[in-house]
Structures are given as C-alpha cells and as structure tokens.
Amino acid sequence: MVTTQPRSGWSLPNTLTVVRLLTIPIFVWLVLSHQRHLYALGVLVVAGATDFFDGWLARRTGNVTRIGELLDPIVDRLFILAAAVTLWANHSIPAWLAAMVLLRDVFLWTLVPLLRSRRVSSLPVHYLGKAATFNLLYAFPLLLLANGHGAVHEIARTFAWAFTLWGVGLYWWVGIIYARQVASLIRSVPSPRRGRRVA
C-alpha cells in the first residue's frame, strides 16, 4: 500500500519543482532581453508541465516529502509573481493586473507572523489554490501568444483573459480562505508565550 504521509529527504518530484524554479530567470531573460516570445512560451509550457507532474508523481509513488510540501507552493507563487511583473513590463498585461497578483502575495506574507506566533510554519495547500495556479499558468503563455494580429492571436487573447480573470479571482478567493484559517487558528490555539505566563 502506497503511503502519502510526508517524509523527509529528496525525491524526483522535488527535482521537478526545482526545475520549475530555475525556469523563472530564463523566462524573464527571454521576454525582457531578447523578445523571444516563442522560446518564452516554451518555458511556460515546461513550467506548467512540472507543476502538474511533481504533484502527480509525489502522490502516485508515495514520494510526498515535507520539503516538497513547503517548496512547491513557494515556487508557484514566485513563478506567478515573476511572470505577472514580466508581462506587465512587456506591455502584455495592464499594471492593475500585475498589482492584483503582487498585492495578494503581500497580503499572504502579512499572515506569516501570525502563523509563527502559534508555532505553525504553513497551512495545508487548498485545492482552490492549485486551481488558481492552473488557470494562471495557462493564462500566461496565451497572453504571450495574444501579442499580434490575426485569427490565432484573437482566439488566444479571448482564452487568455478568461483564464486570467478566473485565475486572479481564485487567487484572491483562496487568499481570503487562508486568512480565515489563520484567524481561526489564532482564536483556537493559545499563544505559547501566554501559556508560559499562565503557568
């Protein structure tokens, strides 16, 4: 029977996550320095594939590790943030959209001290968070493909904005869910410092 309990150590799924991390500077370099959108599109496809296969492999083979649980969502957020800022700098998306992505992650980072006050390092990944990531990782290559004129670019633009708006909406929705979970944790778990004072 395959176990899905988190384990320590390295694994192939974690290697795929690191590959996705390494594609971030490559994508930024291709878009901003060389305007090679076709290659950048390929990098986004690779990133999206690794995002799917690292989790699928981890569950299928029982290689769920604590490192992977922590690293995967961090890499997802870094990739989405870097892609949003890069596409804004490339004039592929408006500033307000890049700001929506940036502010959501700033909002989540403000919750970290509250988690640490209860000696909790992270919250479990919510399935809506994975859905938001899925939408945005599909949206970004389509937004690149939408740069141009013609039927293909128009179709790409339509699907790109559909994925983008759904993705950003889900991105904020799950952010609010995490905030509610943190608030519930604060109410239900006493502060360790307070416990020592009472003792």
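Each value in this text was obtained by applying a stated rule to the coordinates, not by laboratory testing. Given the structure is predicted, the values throughout are model-derived calculations rather than measurements. Backbone-built Cβ (ideal geometry, glycine too); neighbour counts: all protein chains shown.
Each residue of the stretch 62-79 is assigned a 3J(HN,Hα), and the resulting list reads x, 8, 7, 10, 5, 4, x, 4, 7, 6, 4, x, 5, 5, 4, 5, 4, 5 Hz, derived from the Karplus form 6.51 cos²θ - 1.76 cosθ + 1.60 (θ = phi - 60°), x at Gly and Pro. Placing +1 on the Cβ of every Lys and Arg and -1 on the Cβ of every Asp and Glu, with nothing else charged, gives the chain a dipole about its Cα centre of roughly 1200 debye. Extent of the stretch 91-198 along its three principal axes (Cα atoms, max minus min coordinate, largest first): 70, 24, 16 Å. Under the criterion of Cα pairs below 8 Å and six or more residues apart, the relative contact order for the chain equals 22 percent. Model label points for V106 and I177, set 7 angstrom from Cα along the Cα-to-Cβ axis, are 2.5 nm apart. Taking the longest Cα principal axis of the chain as reference, the axis of helix 127-145 is set at about 20 degrees. Amide H to amide H distances under 5 Å link T65 with R7, where only residues 5 or more positions off or on other chains count and H is placed in the peptide plane. The modelled label-to-label distance for the pair S184/L32, using points 7 Å beyond Cα in the direction of Cβ, is 3.9 nm.
Label positions at A49 and H91, each projected 7 Å from the Cα along the C-beta direction, are separated by 3.2 nm. Dividing the helix sum by the residues of the chain, where each DSSP H run of 4 or more adds -39500 (n - 2.57), gives a mean residue ellipticity at 222 nm of -26000 deg cm²/dmol.
In a simple Cβ point-charge model (Lys, Arg +1; Asp, Glu -1; nothing else charged), the stretch 18-104 has a dipole of about 20 debye relative to its Cα centre.
Over all Cα atoms in the chain, the spread is summed up by Rg and Dmax: 18.9, 72 Å.
Go ahead and set up a Gaussian network model of the chain, Cα springs under 10 Å, then flag whichever of R157, R77, R119 fluctuates most. Of the options given, R119 has the highest mean-square fluctuation.
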